[in-house]
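Novice: Sending over a structure as structure tokens; questions will come in a sec.
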Amino acid sequence: MELASIPAVVESWRAALDASEARFHAIVNNSLDGVLVIDQSGAIHFANPAAAQILDCSAEQLCGRVFGVPLAPGDVAELNVCRRGETARIVELRIAETTWRQSPAFLATLRDITERKRREEECREAIRRRDEFLAMLSHELRNPLAAVSNAAHVLLREERADLNSQRACEVIGRETRQMVRLLDDLLDVCRISCGKTVLRKTQVDLSLLVAETAEVVASMMENRGLTLHVAVPETPVWIEGDAVRLRQVVHNLLSNAAKYTAPGGRVRLTLDAQPHRALVLVADTGSGIAPADLPHIFDPFYQGRAASHRGEAGLGVGLSLVRSLVEMHGGEVEARSPGLGAGTTFEVRLPRPVEVRLPQPPAPPAPVVAPRPSPQAGLRLLIVEDNPHGREMLKMLLEMEGYEVFTAADGETALELIKLQRPDVALIDLGLPGIDGCEVARRIRLQAEFDQIFLVAVTGYGQAEDIRRSLAAGFDIHLVKPLDPEKLVQMLNDRPKRQAGAGNRPLQPQSC
């Protein structure tokens, strides 16, 4: 290169640099995000108008000042920035490496996220209020459901009950169980959406599980005038999963099929074992799904056109729960339908393990010893329940079993009765007026003379935190209303004995 041409090249480079810097200024000066260029010593060399506004300082004042936040490329942080006459703003800071006038530097971008954080907090608060509402709704509905369920069982025990009365009680019992399932599904959807559901996986024989679930819903199908065809392999189909949740998946799909299939229709349940996956199919001849509804059929609370036409809207959570539980197992679920009036097929695909570790066979039964006397003889029970109908029906039901039963409507009365009557078992509602059930349990456990009283929490609150709180208060078992009378009696008769001096140490929780 000739010496005479060097000034021209330098001038060209300078012009290119000026043009590049002009483009940089044109871009960043119109950006809504704040932009700072900071040298390696921390001094600010450039600030765009948005940065000046966010930091409540002019660009000229910012240049030359030291940026008071540690800098590392790739870092993302949230800063509280105070501005005159305003509450602090929340600013998101991102750091990247750059070059500024041929020297290494940092590029800091600032974004005011105050409104975004406010909306996020509003959403979290709305979710919290929703969960509180659903928990309260569950509690408030379970109380009358418990009274109705117990009343139906009392009537069924009456020797004078005629066939019509028995039939009416059976209907009450069945519909009560259906309402409880709806409540459970609604709460499960909320728990899963908040990440509060944990699978308890074991080796599960899906063939046996599907067949047993079909037996449970067979009577419901028959009552609706439907024919249920079940085809499962005769050999075990092992998968790794949560048996309770998988039963819930199959049960919800069968219930959905029954809901949208008219009397005289057919429902087919099949299980196909493939080398690396298991396929569960539920096909019906029912009302079908419109093409526009298919992409949304698993959305929470979504109601399809067939549901509104047949008056079978429900809560719109059953299929959403199916998808969530299947995906938690690493599987997929798909709905197919030719259209309205043409039936629906649901296909669940669940992964199968390459190597199956079969569960250990049960231990041989212990040697038979002389039968012990029935522990229910002379058993004294205290029921603490503020719902008068629920209290009355449970008392009547337990007295029919031969127990001696006392009742209290609040915690203070319960503590007095415990001193006077010395019951063997106390069934205590948690949501009591005055002092709540947990406080009643704590006060009982503080007195060594009442150490051997078996404390049962009987409540409409059944979330994990409710169970943890009740066991920590000194309850031995946490039961959720409405109770199954047979399981309750079995639990009372087979309850483990408390040891003197056990204090607040809870026994293992059971379900009823």
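Novice: Among the residues of the stretch 320-352, what is the count of those that are surrounded by 18 or more Cβ atoms within 10 Å (Cβ to Cβ) and acidic (Asp, Glu)?
Specialist: 0
Novice: Right, next: Residues being open to solvent by 40 Å² or more (accessible area, probe 1.4 Å) and either part of a strand (DSSP E or B) or of a type in the set (Gly, Ala, Ser) (or both): count how many of those fall in the stretch 385-402.
Specialist: 1
Novice: Another one. In this structure, is Val210 open to solvent by less than 50 Å² (accessible area, probe 1.4 Å), modelled with pLDDT of 70 or more, within 26 Å of the chain's Cα centre (by Cα) and within 19 Å of Leu319 (Cβ to Cβ)?
Specialist: Criteria met by Val210.
Novice: In addition: Is it true that some residue in the stretch 264-272 is open to solvent by 40 Å² or more (accessible area, probe 1.4 Å), out of contact with any His (no Cβ under 8 Å at 6 or more places or on another chain) and more than 25 Å from Gly330 (Cβ to Cβ)? Let's see the steps before the verdict.
Specialist: Of the residues in the stretch 264-272, the ones open to solvent by 40 Å² or more (accessible area, probe 1.4 Å) are 264, 266, 268, 272.
From what is left, the residues that are out of contact with any His (no Cβ under 8 Å at 6 or more places or on another chain) are 264, 272.
Now drop any that are not more than 25 Å from Gly330 (Cβ to Cβ), which leaves 264.
Checking the stretch 264-272: at least one residue is open to solvent by 40 Å² or more (accessible area, probe 1.4 Å), out of contact with any His (no Cβ under 8 Å at 6 or more places or on another chain) and more than 25 Å from Gly330 (Cβ to Cβ).
Novice: Of all residues in the stretch 459-512 being over 26 Å from the mean Cα position of the chain (by Cα), open to solvent by 80 Å² or more (accessible area, probe 1.4 Å) and under 25 Å from Arg181 (Cα atoms), which is modelled with the highest pLDDT?
Specialist: Checked the stretch 459-512; the qualifying residue modelled with the highest pLDDT is Gln490.
Novice: Here's a follow-up. Can you confirm whether the stretch 403-424 contains a residue that is of a type in the set (D, E, K, R), part of a loop (DSSP other than H, G, I, E, B) and crowded, with 22+ Cβ neighbours inside 10 Å? Lay out the reasoning, then the answer.
Specialist: Looking only at the stretch 403-424, we keep the residues that are of a type in the set (D, E, K, R), and these are 404, 410, 412, 416, 419, 422, 424.
Pick out the ones that are also part of a loop (DSSP other than H, G, I, E, B) and you get 410, 422, 424.
When the remaining residues are screened for being crowded, with 22+ Cβ neighbours inside 10 Å, the result is none.
No; the residues of the stretch 403-424 include none that is of a type in the set (D, E, K, R), part of a loop (DSSP other than H, G, I, E, B) and crowded, with 22+ Cβ neighbours inside 10 Å.
Novice: Say we look at the stretch 434-450 and pick out the residues that are open to solvent by 10 Å² or more (accessible area, probe 1.4 Å) and in contact (Cβ under 8 Å) with a residue 24 or more places away in the chain; which of these is farthest from Asn493 (Cα to Cα)? Show your work before the answer.
Specialist: Residues of the stretch 434-450 that are open to solvent by 10 Å² or more (accessible area, probe 1.4 Å), as a first pass: 434-436, 439, 442-443, 445-449.
So of that shortlist, the ones also in contact (Cβ under 8 Å) with a residue 24 or more places away in the chain come out as 434-436, 439, 442-443, 445, 448.
Details: Gly434: 31, Ile435: 29, Asp436: 27, Glu439: 26, Arg442: 24, Arg443: 25, Arg445: 22, Ala448: 24 Å.
Going through the qualifying residues, I end up with Gly434.
Novice: Can you confirm whether Pro361 is surrounded by fewer than 21 Cβ atoms within 10 Å (Cβ to Cβ) and modelled with pLDDT of 75 or more?
Specialist: Details: surrounded by fewer than 21 Cβ atoms within 10 Å (Cβ to Cβ): yes; modelled with pLDDT of 75 or more: no.
In short, no.
Novice: Might you let me know whether the stretch 474-486 holds any residue that is in contact (Cβ under 8 Å) with a residue 24 or more places away in the chain, charged (D, E, K, R) and closer than 22 Å to Asn387 by Cα?
Specialist: Going through the stretch 474-486, the residues in contact (Cβ under 8 Å) with a residue 24 or more places away in the chain turn out to be 474-485.
Checking which are charged (D, E, K, R) leaves us with 476, 481, 484.
In the following step, the residues that additionally are closer than 22 Å to Asn387 by Cα were identified as 481, 484.
Within the stretch 474-486 (the criterion being in contact (Cβ under 8 Å) with a residue 24 or more places away in the chain, charged (D, E, K, R) and closer than 22 Å to Asn387 by Cα), the answer is yes, since at least one residue qualifies.
Novice: A further question on this structure: Of the residues that make up the stretch 109-124, is at least one touching a helix residue (DSSP H, G or I) at 6+ places or on another chain (Cβ under 8 Å), hydrophobic (A, V, I, L, M, F, W, C) and modelled with pLDDT of 85 or more?
Specialist: yes
Novice: Considering every residue within the stretch 87-104, establish whether at least one is among the hydroxyl-bearing types (Ser, Thr, Tyr) and more than 30 Å from Gln40 (Cβ to Cβ).
Specialist: Just the residues of the stretch 87-104 that are among the hydroxyl-bearing types (Ser, Thr, Tyr), to begin with: 87, 98-99, 103.
Now drop any that are not more than 30 Å from Gln40 (Cβ to Cβ), which leaves 87.
Scanning the stretch 87-104 turns up at least one residue that is among the hydroxyl-bearing types (Ser, Thr, Tyr) and more than 30 Å from Gln40 (Cβ to Cβ).
Novice: Test Ile453 against the stated conditions and say whether it is over 21 Å from Glu392 (Cα atoms) and β-branched (Val, Ile, Thr).
Specialist: So Ile453 passes the test.
Novice: Let me ask something additional. Quick test for you: out of Val76, Val81, pick the one residue that is modelled with pLDDT of 85 or more, closer than 21 Å to Ile113 by Cβ and loosely packed, with under 11 Cβ neighbours inside 10 Å. Give the steps one after another, and end with the answer.
Specialist: Working: Val81 fails: loosely packed, with under 11 Cβ neighbours inside 10 Å.
When all the criteria are applied, what remains is Val76.
Novice: Something else: Just checking, how many residues over the stretch 96-142 are closer than 30 Å to Thr459 by Cβ and either surrounded by 16 or more Cβ atoms within 10 Å (Cβ to Cβ) or in contact with a Pro (Cβ under 6 Å, 6 or more places away or on another chain) (or both)?
Specialist: Just the residues of the stretch 96-142 that are closer than 30 Å to Thr459 by Cβ, to begin with: 123-142.
Narrowing further to those that are either surrounded by 16 or more Cβ atoms within 10 Å (Cβ to Cβ) or in contact with a Pro (Cβ under 6 Å, 6 or more places away or on another chain) (or both): 131, 134-135, 138-139, 141-142.
Residues in the stretch 96-142 being closer than 30 Å to Thr459 by Cβ and either surrounded by 16 or more Cβ atoms within 10 Å (Cβ to Cβ) or in contact with a Pro (Cβ under 6 Å, 6 or more places away or on another chain) (or both): 7 in total.
Novice: Of all residues in the stretch 47-73, which are open to solvent by 60 Å² or more (accessible area, probe 1.4 Å) and of a type in the set (Phe, Trp, Tyr)?
Specialist: none
Novice: Follow-up. What tally of residues in the stretch 406-423 results from selecting those that are closer than 21 Å to Leu488 by Cβ and in contact with a helix residue (DSSP H, G or I) (Cβ under 9 Å, 6 or more places away or on another chain)? Show your work before the answer.
Specialist: Pass one, the stretch 406-423, residues closer than 21 Å to Leu488 by Cβ: 406-409, 414, 417-418, 421, 423.
Subset that is in contact with a helix residue (DSSP H, G or I) (Cβ under 9 Å, 6 or more places away or on another chain): 406-409, 414, 418, 423.
Residues flagged as closer than 21 Å to Leu488 by Cβ and in contact with a helix residue (DSSP H, G or I) (Cβ under 9 Å, 6 or more places away or on another chain) within the stretch 406-423 amount to 7.
Novice: Looking only at the stretch 24-54, how many residues end up being under 15 Å from Arg65 (Cβ atoms) and among the hydrophobic types (A, V, I, L, M, F, W, C)?
Specialist: The qualifying residues number 10.
The values are calculated or read from the model by the stated rules, or taken from the named source; none is laboratory data. Treat the numbers as computed from the prediction; the structure is a model and nothing was measured. So basically every Cβ, Gly included, is an ideal-geometry build from the backbone, and we count neighbours across all protein chains shown. To get the accessible areas, we keep the full protein, side chains included, count just its heavy atoms, and leave off ligands, DNA and RNA. Shrake-Rupley method; radii C 1.70, N 1.55, O 1.52, S 1.80 Å.
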